[in-house]
Amino acid sequence: MSPIPERSTAEWQALDAAHYLHPFTDSRALAARGTRVVTRAEGVYLYDSEGHRILDGMSGLWCVALGYGRPELAEAAYRQMQQLPYYNSFFQCANPPAIELAAKLAELTPPQFNHVFFSGSGSEANDTFVRLARRYWMLRGEPERQVIISRWNGYHGSTMAGASLGGMKAMHAQGGLPIPGIVHINQPYWFERGGNLDPAEFGLQAARELEAKIIEIGPERVAAFIGEPVQGAGGVIIPPETYWPEVQRILDRYGILFGSDEVICGFGRTGRWFGCEHFGTRPDFLTLAKAITSGYQPLGALMVSDRVAEVFIEKGGEFAHGYTYSGHPVAAAVALANLEIMQKEGVVDRVRNDLAPYFSTRWGELAAHPLVGEARSLGLLGALELVPRKPSREFFPERGSVGTRARDISIRNGLVMRAVWDTLIVAPPLVITRNEIDELLTKAVTSLDQLHADLRRDGWL
Ligand code: PXG
């Protein structure tokens, strides 16, 4: 068996430019610049083909909760590949890791969840959500209930249904989306949209857009609502405390199903196992992916509440939906090993009781920086709003260009931060230490100082 060849960075970049279409990437710009080739990783650090060591402030892409290089996860995959590398879950079959994982997820998720449908990704799990929510109302004898409400600037994936649920206008514009029967309301983004309202008032106002939309459509036509507890890809938008309780009240009032997309918030990111537990909501569906395996294997899952599952099981007949990799034994074995480590090592409790309070204090210090209009955090999620003039909440002109510069400077300084327009965000591995949080902060400050000097030099400030 030949190993993956060792090549120079230039050779890899040339092959990449010749053959590889990357997600969410301008291929021409990337070919001109050359892709960064990440060759290995350990703990919270990435190493690229040029030998740079970079603190991964984004956990890969919000997923590597346990950090890199955990031998237990590699061993779980290896063992399962030897025992049974694949078999399908169609045609009345199952495999032991998938069955065990279903039971483990029922144990870890809130009490209303005892059933799961497996997929290969978060996007696919959200497609399953659309199918199940609509089918539920058909089975209940209310087939006109088909509309699903979600939020502008939410992110729910890249499949046709996932991108439709998402509220990314650029994605809609490129795909003829949304698909029929999906409508959007505004997001609870106080920094951008709060005007003169205080956050609590604004949170109520944003939630009540849901009620207005339900009345506009007609409650008898609305199947479900879906939202991320904290919008991740949209810019770590942490809603005011008043928001989710009011959304829950409205959904209860009209009997509408509730999907909590926990692809980012799930498995400890907020300091609770699931974001809905932090905000005290009672969803009917949880979309899971990413940290379910710490990213070591692709896996998604949709948890289905008892009240929905009962209807399916009793009246459903065959549910005409499924993926080749639903219940993949290797992914399931890795997920089980990952969740076992999380439980044994008390990872979620440590985030809640130790790391999150420490991170919140240190991250909050960044609010004093002249470029930072707001520094917000929850659990191990952090965001900085970059602004030209404090305390105004106005953004820079040419929105996004300053954020991209900040991100590039930060990576040069050995820290992966992600820019969403001019919002800088981080979501480090849940196993990060206090010392590593200090290093993250030092690199962030150095990068902000450099950006400040550059913007002054270029006449932006
Ligand atoms: N829901 C949420 C809340 C997500 O964050 C998905 C669904 C889709 O999962 P899959 O596994 O199909 O990618 C996601 C994915 C970013 C970024 O730029 C975020 C995601 C994916 C790609 C980029 O922050 N989140």
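The values are calculated or read from the model by the stated rules, or taken from the named source; none is laboratory data. If you're wondering where the values come from, they're calculated on a predicted model, not measured in any experiment. With ideal geometry, Cβ positions are generated from the backbone for all residues, glycine too; neighbour counts draw on all protein chains shown. For accessibility, only protein heavy atoms count, side chains too; no ligands or nucleic acids. Shrake-Rupley method; radii C 1.70, N 1.55, O 1.52, S 1.80 Å.
A few points about this structure:
- Put simply, when 236-242, 135-141, 163-169, 297-303 are sorted by average Cβ atoms within 10 angstrom per residue, most first, you get 297-303, 163-169, 236-242, 135-141.
- Kirkwood-type radius of the stretch 72-344, with distances r between different C-alpha atoms, in Å: 19.0 Å
- Calculated mean residue ellipticity, 222 nm, the chain: -12500 deg cm²/dmol, from DSSP H runs (n ≥ 4) at -39500 (n - 2.57) each, averaged per residue and rounded to 500.
- Full-stretch length increase - Arg399, Leu204 - with 0.36 nm per residue and alpha-carbon distance subtracted: 67.5 nm
- Bridges between two residues of the chain, per DSSP, are antiparallel at a rate of about 65%.
- Nonlocal amide H pairs with His184, under 5 Å, H built at 1.01 Å: Ser150
- Leading residue at positive end of dipole, the stretch 184-309 (Cβ point charges), from Phe279, Gly300, Gln231: Gly300
- Per residue accessible area of the stretch 72-344, 1.4 Å probe, in Å²: 39 Å²
- Label-to-label distance, nm, for residues given as Gln82 and Leu61 (7 Å Cα→Cβ offset): 3.2 nm
- Exposure rank, largest accessible area first [Met58, Met160; 1.4 Å]: Met160, Met58
- Size descriptor for the stretch 155-206, Kirkwood hydrodynamic radius: 12.3 Å (Cα pairs only, one decimal).
- Of the solvent-accessible surface of the stretch 72-344, computed with a 1.4 Å probe over protein heavy atoms with every protein chain present, carbon and sulfur atoms account for 54 percent.
- Here Trp460 and Arg33 are evaluated by their C-beta separation; at R0 = 25 Å the FRET efficiency comes out at 0.65.
- Mean-position separation - Cα centroids, the stretch 408-453 and the stretch 369-393, in angstrom: 13 Å
- Residue-level accessible surface for Tyr47, protein heavy atoms, 1.4 Å, Å²: 40 Å²
- Kirkwood-type radius of the chain, with distances r between different C-alpha atoms, in Å: 23.1 Å
- In a reduced charge model with +1 at each Lys and Arg Cβ and -1 at each Asp and Glu Cβ, the stretch 72-344 shows a dipole moment near 300 debye about its Cα centre.
- Compared with the direct C-alpha span, the chain from Ala18 to Arg389 gains 129.2 nm at full extension, assuming 0.36 nm per residue.
- Rule-of-thumb Rg ratio for the stretch 70-223 [Cα; 2.2 N^0.38 Å; N residues]: 1.34
- Ranked by how many other beta carbons lie within 10 Å on average, peptides 425-437, 374-386 from highest: 374-386, 425-437
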